[in-house]
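Scroll down for the structure; my scribbles are underneath it.
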Amino acid sequence: MSLLNIGMSGLSASHASLVTTGNNISNVDTVGYSRQQTVQNSKNSIQYGNVFIGTGTTLADVRRVYNSYLDAQLQTTTSLNSDAQAYLGQATQVDKLLSDSGTGVTKTLQSFFASLQTLAGNSNDNAARQALLTNAQGLSSRFNAISQQLSQQNTYINDQLGSMADQVNKLASTVAAYNKKIAEVSGSGGTPNELLDQRNETIRQLNELVGTQVTETDGRLDIYLGSGQPLVVGDTVNKLRVAPDPADPTRSSIIMDRNGSSIDITGVMSGGEMGGLVRYRNEVLAPAVNGLGRIAMVVADQVNKQLGQGLDQNGNFGAALFNNINSLKAISERSIANANNNPASGNLNVTIKDTSKLAASDYQVTITATGYNVRRLSDNSDMGNFAFATPPAADPVIDGFSLSINSGTVAVGDSFKITPTRGSAADMTTVMTDTKTLATSAPLTSTKASGNDGTGAVSQPNLKTSLDIYDPVQRLEVQTAVKASMPVRMLMTSATAYEVFDSKGNSIGTGNIVPGQNNDLNIAVPYTDAGGNPKTFNVAMTVSGSPASGDSFNIAMTAADSTDNRNAQSLLALQTKATIGASATSPGVSFTEAYGGLVTTVGSLTKQAQLDGTATDTILTGARNARDSLSGVDLDEEAGNLTKYQQYYTASSQIIKTAQEIFSTLINAL
């Protein structure tokens with residue numbers, strides 16, 4: 001036993017404590033640093049007779065103040081907050097884009113119908129006609145601009161996923177390197193506190209990018225993604241990369257390369273910025289693109305169809321104001337063949353049959369032995385099994401569209417992604433340039449013959465047979481038939497009976513009315529098509545009052561430059577007509593209601609994202625504070641420790657000085 005040795009042990013221990021405290025103070029702002037404490041043990045006592053006398057102290061360890069539960073909470077909340085903030089950052093942009101009067105569709109759509117209302121009040125006013133064309137161009141340009149913004153967001157997400165995958169790989173490699181180095185140091189009996197902190201901080205940074213599950217095995221930390229895909233196992237890393245989705249090359253998929261094989265983990269990614277971006281793309285961006293495209297397509301289709309039912313200032317049937325929604329280019333671009341399909345397989349044509357029944361969704365089509373199966377992706381509904389028809393015009397209609405084989409053949413197992421509305425907002429174009437071709441007049445006009453004796457009257461006739469503005473053959477056939485068949489004369493053969501004659505005086509039908517009531521008539525006018533086949537077109541009108549026997553009423557083509565505005569009024573009625581989202585249980589909604597619904601949906605998701613962002617930020621702050629309250633450096637506490645260990649050091653020095661004085665006294669006494 002030596003008083004000098006006891007003093008030396010205390011001096012050494014107090015010095016280590018001073019150094020450790022100084023290290024804590026110098027790392028007060030080091031991210032991820034866990035404060036350290038010295039741990040001392042007393043040396044073995046020496047027995048003198050019946051008593052044991054101590055021999056000093058020894059430095060047992062310098063340990064980090066760390067709680068694995070608190071650290072796991074910090075890692076998890078970091079991942080959740082990064083996910084929420086990435087989602088919110090993108091959703092806020094789309095919400096503002098769609099809802100702002102300066103960038104959204106609502107105000108432009110209102111301007112279009114306002115100019116249409118002005119034109120309906122004075123159908124031959126050239127200034128009003130030009131204003132309508134100008135507003136139509138503004139409407140299509142607005143749809144184009146929003147679509148471009150949404151497309152740029154998709155490109156941004158693809159780029160970000162690629163960049164983040166590279167960052168994940170670098171951080172994962174760093175964790176693997178720490179695992180290896182920590183294992184080497186720990187094997188020699190040491191505890192590398194700084195390496196442990198640096199590894200945990202690296203994992204925290206990794207959680208900012210992607211959600212992880214961390215397990216500890218023999219001192220190493222293994223990291224898993226999604227549903228258990230291993231990113232880091234010991235010192236081995238399975239790297240991530242992005243690649244075009246085989247089912248949709250406009251979107252990037254996240255791929256993990258493992259043991260020579262590749263796994264698409266996009267569908268199981270969650271947490272971190274990558275998870276937030278993927279979630280935003282699925283929940284907000286894709287539905288917004290499809291919803292906007294559906295509205296653009298229905299607007300173009302309904303306006304074009306109604307114009308086709310009227311006459312322009314030249315006396316011709318109306319032409320399209322907007323682009324043809326079923327152009328050969330549009331039909332062929334709505335189907336995306338999976339990259340893994342049979343190389344010899346062709347693709348599909350997607351023809352829009354009824355825009356009012358379109359859903360704002362993509363579809364997956366899988367070729368079967370008897371035809372094909374269709375699954376709606378927005379709600380994962382199985383739409384059923386169908387067969388390709390011959391001719392293609394007879395193909396079944398699914399949610400307003402039909403499918404046919406574009407070219408070549410298809411093989412069992414081939415799959416296709418069908419995007420009926422995705423590109424419609426980008427493709428919308430105002431194609432009309434001549435104001436005279438705006439068909440504001442109805443094609444047929446009725447008149448009462450002079451000299452009628454009764455009080456009977458007829459309403460203005462309505463051509464009930466639709467002219468397919470996208471089918472030039474059908475359109476020309478009906479137009480030619482209507483013009484060739486006019487005028488048509490209805491002669492009252494008695495006070496209650498009538499007979500209808502064509503332009504050549506041939507009887508084409510008879511019927512009866514009830515005098516004094518409104519009698520809705522549907523007159524079928526026969527004609528022969530170019531192939532010699534007998535057909536009819538239908539004209540509806542109402543007979544009222546009490547016509548006398550011998551009275552007659554004439555139906556003729558409306559004159560060119562007529563002030564008739566009935567077709568303009570029908571166009572104006574489209575503003576409130578239910579034309580979007582019709583189903584067996586609902587007639588659908590109008591243009592403005594559909595766009596309002598889209599804005600509301602995106603707004604609701606954005607509002608929820610704001611709440612989620614605030615909540616996860618609060619939870620993250622709490623988790624960080626909990627971790628820092630235990631592991632963080634408190635300068636006040638460390639200053640106190642510094643004073644304590646300084647006194648400890650001084651006292652130990654005093655023990656050594658005392659030992660020296662005793663020793664000197666002993667020597668001098670000899």
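Any read-out appearing in this document is the output of simple, stated calculations on the displayed coordinates, not a laboratory observation. Here the structure is a predicted model, which is why all the values come from computation and not from measurement. We place every Cβ from the backbone using ideal geometry, glycine too, and count neighbours over all the protein chains shown.
Observations on the structure shown:
- Local net charge near Leu161, Cβ-Cβ under 13 Å (Lys/Arg +1, Asp/Glu -1): -1
- Proximal charge balance of Ala426 [Cβ under 14 Å; K/R count +1, D/E count -1]: +3
- Extents of the chain, largest first, come to 161, 52, 41 Å (Cα atoms, principal axes, whole angstrom).
- Debye intensity ratio in log₁₀ form over the Cα atoms of region 26-130, taken at each q of 0.14, 0.15 Å⁻¹: -0.87, -0.91
- Dimensionless Rg over Rh [region 444-557; C-alpha; Kirkwood]: 1.01
- Measuring between their Cα centroids, region 409-447 and region 459-503 lie 26 Å from each other.
- Convex hull volume of the C-alpha atoms in region 553-662, normalised per residue: 214 Å³.
- Here, P(r) means the percent of Cα pairs in each 5 Å bin from 0 to the largest distance; for region 250-396 it is 2, 7, 11, 16, 16, 15, 12, 8, 5, 3, 2, 1, 1, 0, 0.
- Full-stretch length increase - Asn533, Met383 - with 0.36 nm per residue and alpha-carbon distance subtracted: 50.3 nm
- The mean sequence separation of alpha-carbon pairs under 8 Å and at least six residues apart, normalised by the residue count of region 444-557, gives a relative contact order of 41 percent.
- Net charge of neighbours whose Cβ lies under 13 Å from the Cβ of Ser604, counting Lys and Arg as +1 and Asp and Glu as -1: -2
- Sites Thr134 and Ser549 - FRET efficiency at Förster radius 60 Å, r taken between beta-carbons, to 0.05: 0.65
- When each of Lys305/Lys329; Lys436/Lys464; Lys107/Lys417; Lys464/Lys535 is checked by Cα-Cα distance, pairs over 26 Å: Lys107/Lys417
- Cβ-based charge dipole, region 421-472, positive-most Cα from Pro443, Tyr470, Gly454: Gly454
- Cα convex hull of region 125-274, projected area averaged across orientations, nm²: 11.9 nm²
- Paramagnetic reach from Thr433 (point 7 Å along Cα→Cβ, amide N under 17 Å) across region 300-318: none
- The mean sequence distance of close C-alpha pairs (under 8 Å, at least 6 residues apart), as a share of the length of the chain, puts its relative contact order at 18 percent.
- Amide H contacts under 5 Å for Leu521, placed H, 5+ residues apart: Met541, Thr542, Val543
- Cross-link partners of Lys607 among aspartates and glutamates (Cα-Cα below 13 Å; sequence separation of 8 or more within a chain): Asp95
- Distance from region 621-641 to region 312-385 (C-alpha centre basis), Å: 61 Å
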